[in-house]
1. So how do Phe132, Phe51, Phe76 rank on accessible area, 1.4 Å probe, biggest first, that is with the largest at the start?
2. At a probe radius of 1.4 Å, what is the per-residue accessible area of Leu49, in Å² to the nearest 10?
3. Evaluate E = 1/(1 + (r/R0)^6) for Ala115 and Asp144, where r is the Cβ-Cβ distance and R0 equals 45 Å; express this FRET efficiency to the nearest 0.05.
4. Multiply the residue gap between Ala25 and Arg160 by 0.36 nm, knock off their C-alpha separation, and tell me the result in nm, one decimal place.
5. When you count, for each residue, the other Cβ atoms within 10 Å and take the mean per peptide, how do 138-144, 77-83, 36-42 rank with the highest first?
6. For Lys141, list the lysines whose Cα falls under 23 Å from its own Cα; do not include residues on the same chain fewer than 8 positions away.
7. Provide Val34, Val108 ordered by accessible surface of protein heavy atoms (probe 1.4 Å), highest first.
8. Gain in length, Glu79 to Ser36, computed as 0.36 nm per residue apart minus the alpha-carbon separation, to one decimal in nm?
Amino acid sequence: MTTVSTVTGATTGDADVHDGGLDEAKLDNVGQIVSSAVKWSAAAGLVPLPFVDLVALGAVQTRMLMDLSNVYGHSFGKEAANAIVSVLLGTLIPGAAAGAVMKAVPGVGTLAGIASVSAFGAAATYAVGKVFARHLAGGGKPGDFSATSIADDLKAEFRRGKPTAAT
């Protein structure tokens, strides 16, 4: 039986857990990690303080990258994960900056900023998770992940993640 992961885009055949191939349990685990992180990222947008929400988003994504690495049998330190998250968010951050600034305006601005940053956080986390999981599923290691070389792929996944974040 062949399964296509909606998270990584990878396929499973009769891959066995012990031969390093993908298996359904691993793909399910990856999907749960990304899904959980997307929800926590949307919640991070609820932080009413401008830019503190983006720090919370970075923390959620750092944890997600560490958890995804563990699924594929790699250890990944917090500092290295933080560095990758910083570059990845830097690629997407212009979309969140306006929402963070809106939070400084009392009332309607705060509400609009919360909605904007929550949606941005969920879509960005979906994109980061999908691109990083795809890298690991293809046999890559956390240490050889080049965040700058996948900028276009990240932006494409971000666009795909916007509808996901809305649901």
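The values are calculated or read from the model by the stated rules, or taken from the named source; none is laboratory data. This structure is a prediction, so every number in the text was calculated from the model and none was measured. Positions of Cβ are generated from backbone atoms using ideal geometry, with glycine treated the same way; all protein chains shown enter the neighbour counts. We work out accessible area using only protein heavy atoms, side chains counted, and drop any ligands, DNA or RNA first. Shrake-Rupley method; radii C 1.70, N 1.55, O 1.52, S 1.80 Å.
1. Phe51, Phe76, Phe132
2. We get 100 Å² for Leu49.
3. After rounding, the FRET efficiency stands at 0.75.
4. Contour length minus the Cα-Cα distance gives 46.2 nm.
5. Order by mean packing, descending: 36-42, 77-83, 138-144.
6. By straight Cα distance, Lys141 reaches Lys26, Lys78, Lys130, Lys155.
7. Val108, Val34
8. 13.3 nm is the gain from fully extending Glu79 to Ser36.
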